[in-house]
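A short write-up of the structure that comes next.
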């Protein structure tokens, strides 16, 4: 870029010198050509080379070819009888064409730098423990199972599990969120996060090539391969449009003089108009600005932890009118917790205390939620005679009392009558019954918590014009009803198997309006078939999930459903900017082409219609980077 800028400055100075020479001395046309060839070749030699290469390869019709023909014609038109020399205009056109190219390069570099800065998650080194010594090596050299040490301020170079230490991780490069994530012994950590406080020892679980950081970097770098319909159309349009324009320019130069009284007198006038026509018709603004808009839009989304795998998916996302959600892990946290404790004849704390002790040695999610609700295991209670009945529950002696914890089947097997809950209408979840020494003692409601921003997410989608928000879940109908009602969803289907979800999505696809798209939002692990079947699959909580990154078209790198609305807004804004550029470029070009045809447009106006429009379109495209 620095070399091109230097060439532009030198050319501008030489052009002024050539203009002074032309005005100061009455030189013959061929000598004047030599004077102007110096700045022209300095600024245009690479354009001429590209045009010649295109001709040799049998694909000449591009912007370099148009600029070469137009400017060479302007240089030579003065040799025709009665024609005025247009040599300054030839250098001027090539100078501004290169200035526009410089601006395009700057804009693309700025977009890439911004994305690179945001995605600065590739670690340079890893500190690995080997034979009692810490060695600094490249992350590619670390094997699965080795122990790495991550000091405060360093990036985590590889995915793994913390074996020693605790710290807070900065995940902003992955999720777009500034809130630190606290980790300790046994927690999973992923590459790309920054260790902000304590020293961590991590057992590596994936090689560098399979790490989360590398997968995300590859995803962003390859996003440009999935072209949007607009980008594909513009590319095809340019290949058809350019030869038509060249033929039209040839016709403009030759046909009108045939009907003039004197062909030789009229030909230079119409040739100049044809050359102006060629300069105006160069499709730079469209060819450059539309792909740049999508590139910037993908980069802007990535800043917010939203990874869109290509412009084609942005097209689909912008047209989404139906959003289908999985429940667990998408609208809810996917972690069971105690929702309510309803004792019968003992204290609520005592009921929870006894149930937690009985479930002490179970790894079932419900047992884990009870233990988390009453974490005081070391309270000197004696636990004995633990007996688990599959599909029913667990019984044990706690300080000599027989405590049974389970579902209605367990209570019925023990001959204990459960009592209907008068307080459960506000709670939907799994009911765990407790009996003490054969007598009913109460029950505990275990539920999956709705995410804090789930209601906000649905409201935002409605405000964007989403006409249908549907939830599909394998959970019980009463739980699904509770979640759907709390979030004000339009519809829900419960107790579904994975195959049932695909059938439900296919039915929604059949009934959606023409031209509208359906998005499915899931956790990307169990919902791969539905993610693939929908018009666009959105993986929720992609942080560390290989399946999410691979299965979906859009990956939200955190667990916030509200990011779905933000992704749609970004897509619509990006498409809007691309359309603005298309209509602006076409409108200006058509107007100036008409003026050039009737001889009103000068070379200066032609330069504005080409380079000026391209610069304005590129500036507009850069707005997509700032979402």
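The values are calculated or read from the model by the stated rules, or taken from the named source; none is laboratory data. All of these numbers come straight from a predicted model, not from anything done at the bench. Here Cβ is always computed from backbone atoms with ideal geometry, including for glycine, and neighbour counts include all displayed protein chains.
What about residue 322, is it closer than 23 Å to residue 503 by Cβ and assigned to a loop (DSSP other than H, G, I, E, B)? For residue 322, the condition - closer than 23 Å to residue 503 by Cβ and assigned to a loop (DSSP other than H, G, I, E, B) - is not met. Within the range 469-508, the set of residues being crowded, with 17+ Cβ neighbours inside 10 Å, out of contact with any helix residue (DSSP H, G or I) (no Cβ under 9 Å at 6 or more places or on another chain) and at pLDDT 90 or above comprises 484, 508. Within the range 361-371, the residues that satisfy the criterion of being surrounded by fewer than 16 Cβ atoms within 10 Å (Cβ to Cβ) and either touching a helix residue (DSSP H, G or I) at 6+ places or on another chain (Cβ under 9 Å) or assigned to a loop (DSSP other than H, G, I, E, B) (or both) are 361, 363, 364.
Results for (1) surrounded by fewer than 24 Cβ atoms within 10 Å (Cβ to Cβ); (2) under 30 Å from residue 95 (Cα atoms); (3) more than 20 Å from the chain's Cα centre (by Cα); (4) without any contact (Cβ under 8 Å) to a residue 12 or more places away in the chain, shown as yes or no for each residue.
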site: 519; (1), (2), (3), (4): no, no, no, no
site: 528; (1), (2), (3), (4): yes, no, no, no
site: 573; (1), (2), (3), (4): yes, no, no, no
site: 580; (1), (2), (3), (4): yes, yes, yes, no
site: 584; (1), (2), (3), (4): yes, yes, yes, no
site: 609; (1), (2), (3), (4): no, yes, yes, no
site: 615; (1), (2), (3), (4): yes, yes, yes, no
site: 621; (1), (2), (3), (4): no, yes, no, no
site: 626; (1), (2), (3), (4): yes, no, no, no
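Residues that are part of a helix (DSSP H, G or I) and over 21 Å from residue 85 (Cβ atoms) occur in the range 29-45; there is at least one.
So which of 274, 285, 301 ends up being over 30 Å from residue 433 (Cα atoms), touching a strand residue (DSSP E or B) at 6+ places or on another chain (Cβ under 6 Å), part of a helix (DSSP H, G or I) and not assigned by TED's automatic domain parsing to the domain that holds residue 541? Give the derivation first.
Details: 274 fails: touching a strand residue (DSSP E or B) at 6+ places or on another chain (Cβ under 6 Å); 285 fails: touching a strand residue (DSSP E or B) at 6+ places or on another chain (Cβ under 6 Å).
Matching residue, one of 274, 285, 301: 301.
Per the listing 322, 293, 330, 265, the residue uniquely over 30 Å from residue 479 (Cα atoms) and modelled with pLDDT of 85 or more is 293.
Yes/no matrix, rows are residues, columns are (1) buried (at least 18 other Cβ atoms within 10 Å of the Cβ); (2) in the same structural domain as residue 356 (by TED's automatic domain parsing); (3) without any contact (Cβ under 8 Å) to a residue 24 or more places away in the chain:
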| position | (1), (2), (3) |
| --- | --- |
| 384 | no, yes, yes |
| 389 | no, yes, no |
| 400 | no, yes, yes |
| 444 | yes, yes, no |
| 460 | yes, no, no |
| 467 | no, no, no |
